[in-house]
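Undergrad: Following this message is one structure expressed as structure tokens.
A short reminder: the numbers here are calculations on the coordinates, not readings from a lab. Treat the numbers as computed from the prediction; the structure is a model and nothing was measured. Quick reminder, even Gly has a Cβ in these numbers, built from the backbone with ideal geometry, and neighbours come from all protein chains shown.
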Amino acid sequence: MAATEPSPPNDLHLPTIQPTKFKDWVVVVTGAAAGIGRETAHHFAAQGAQLILLDINESGLKETQSLIQASGGKADTRKCDVSDEPDVNAAIAWTISTYARIDVLANLAGIYGFQPLTEYSSELYHRHISVNVNGSFFLTRAVLPHMQKAGFGRIIHTSSTTYADPKPGLSAYVMSKAAVVGLVRSAAVEAGPGVTVNAVMPGLIDTEEMRSKDGYEGIREKILENRAVKRDGKPIDVARTIAFLASPEAGFMTGQVVNCSGGETFSF
């Protein structure tokens, strides 16, 4: 099974970077120390945004910051555990006091783990809820008043295709990502003029973390067999989807869950 996409017929079909697309926008990215979060931060920075990078992994944050700055981008960092309410409130307050506004929140912090439902430890269950659900709620609640005051904002969370197509051993993860959809739809109807709230639903994405998990190759092969776009999903695929939802062009989209899985699953 081919795992790479065929080359486009010509350069007209290649993705492009617009260096001033998000010029001087203040973009907060959580989970920015690695993987999809790092790629999303790079993608916004390459298009002129001021990045605020949040994660519990300080060394990873500094590495992301260095990579962005080496490419001519602008990035600031702050250690933040999204499951900790005071930590979230302090990080958002610091961002506002330093940069005066937040245009985009791209929440990519999350955890993912396997355990059969009947053996699921309470500790692992509560960790999923704390990071994936509580973190999304705390962040939304913290940034929303500032966006409402400004009359503009984009809040983008991550759900998962496992919500539409659950797999064994993922009960707490699937439950937490379903809750994110509920938050997105509820927040969208309260957000007010100029502020949108959406979610991206990635499929299996090829990251270092995913490759390190037991059984990854077997899962990957099965998904590639059924996926409509016959290649691995890459972090940049998710980053581009997030950037679209953040853009002025997506101003009429809110309360939506955008499937970014190459046709691995279909959702409504």
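Undergrad: Mind checking which of Ala178, Gly194, Thr207 is farthest towards the positive end of the chain's charge dipole, using Cβ charges of +1 (Lys, Arg) and -1 (Asp, Glu) about the Cα centre?
TA: Checking the options against the dipole of the chain, the answer is Gly194.
Undergrad: How far is it, in nm, from the label point at Glu209 to the one at Phe244 when both lie 7 Å from their Cα along the line to the Cβ?
TA: Inter-label distance under the simple model: 2.4 nm.
Undergrad: Next question, about the same structure. Mind listing the long-range amide H neighbours of Asp76? Cut-off is under 5 Å, sequence gap 5 or more, other chains count too, H placed in the peptide plane at 1.01 Å from N.
TA: Leu51, Ile52, Leu53
Undergrad: Taking θ = phi - 60°, what integer Hz values does the Karplus form 6.51 cos²θ - 1.76 cosθ + 1.60 yield along the stretch 8-13, in sequence order, with x for Gly and Pro?
TA: Each residue of the stretch 8-13 in turn: x, x, 7, 5, 4, 9 Hz.
Undergrad: Going through the stretch 220-268, which GluC sites (Glu not before Pro) have at most 15 other Cβ atoms within 10 Å and a DSSP loop state?
TA: On the way: sites: Glu221, Glu225, Glu249, Glu264; in loops: Glu264.
Hits after loop and neighbour filter: nothing returned.
Undergrad: Would you work out if the stretch 148-268 is rounded, prolate or oblate? Take a ≥ b ≥ c from the square roots of the eigenvalues of the alpha-carbon gyration tensor; rounded if a/c is under 1.5, else prolate when a/b is larger than b/c, oblate otherwise. The partial results should precede the final answer.
TA: Details: a/c = 2.45, a/b = 1.84, b/c = 1.34.
The shape class here is prolate.
Undergrad: Using a Gaussian network model of the chain whose springs link C-alpha atoms within less than 10 Å, name the residue from Arg78, Arg141, Arg101 with the highest mean-square fluctuation.
TA: Checking each option, the largest mean-square fluctuation is seen for Arg141.
Undergrad: Would you mind telling me which residue in Glu39, Glu209, Glu63 has the biggest mean-square fluctuation in a Gaussian network model of the chain, where springs connect alpha carbons within a distance under 10 angstrom?
TA: It is Glu209.
Undergrad: Could you derive backbone 3J(HN,Hα) for the stretch 32-40 from the dihedral phi with the Karplus parameters 6.51, -1.76 and 1.60 (θ = phi - 60°), listing whole Hz in sequence and x where the residue is Gly or Pro?
TA: 7, 6, 6, x, 5, x, 4, 5, 5
Undergrad: Would you list Trp25, Trp94 from fewest to most Cβ contacts within 10 Å?
TA: On the way: Trp25 20, Trp94 14.
Listed from fewest to most nearby Cβ atoms, that is Trp94, Trp25.
Undergrad: If the viscosity is 0.692 mPa s and the temperature 37 °C, what translational diffusion coefficient in µm²/s does Stokes-Einstein give for the chain when Rh comes from Kirkwood over Cα pairs? Present the calculation step by step, with values, prior to reporting the outcome.
TA: Details: Rh = 18.8 Å.
In µm²/s, the coefficient is 175.
Undergrad: Let me ask you something else. Through the Karplus equation 6.51 cos²θ - 1.76 cosθ + 1.60, θ set to phi - 60°, convert the phi angles of the stretch 151-168 into ³J(HN,Hα) values in whole Hz; use x for Gly and Pro.
TA: x, 7, x, 10, 10, 10, 9, 10, 9, 6, 5, 5, 5, 8, 9, x, 10, x
Undergrad: Let me ask another. If amide H atoms are built 1.01 Å from N in the plane of the peptide, which residues on other chains or at least 5 residues away come under 5 Å of the amide H of Cys260?
TA: Here Met201, Gly203 satisfy the definition.
Undergrad: While we're here: Before anything else, pin down the relative contact order of the chain: Cα pairs under 8 Å, at least 6 apart, normalised by residue count, whole percent.
TA: Details: 515 pairs, mean separation 52.3, N = 268.
Reported as a whole number, the value is 20 percent.
Undergrad: Also: Give me the one-decimal nm value for the distance between modelled label points at Arg101 and Lys167, 7 Å along each residue's Cα-to-Cβ direction.
TA: Inter-label distance under the simple model: 4.1 nm.
Undergrad: Gly153's amide H: which non-local residues (gap 5+, or another chain) put their own amide H closer than 5 Å, with H modeled 1.01 Å from N in plane and none for Pro or chain starts?
TA: Val195, Thr196
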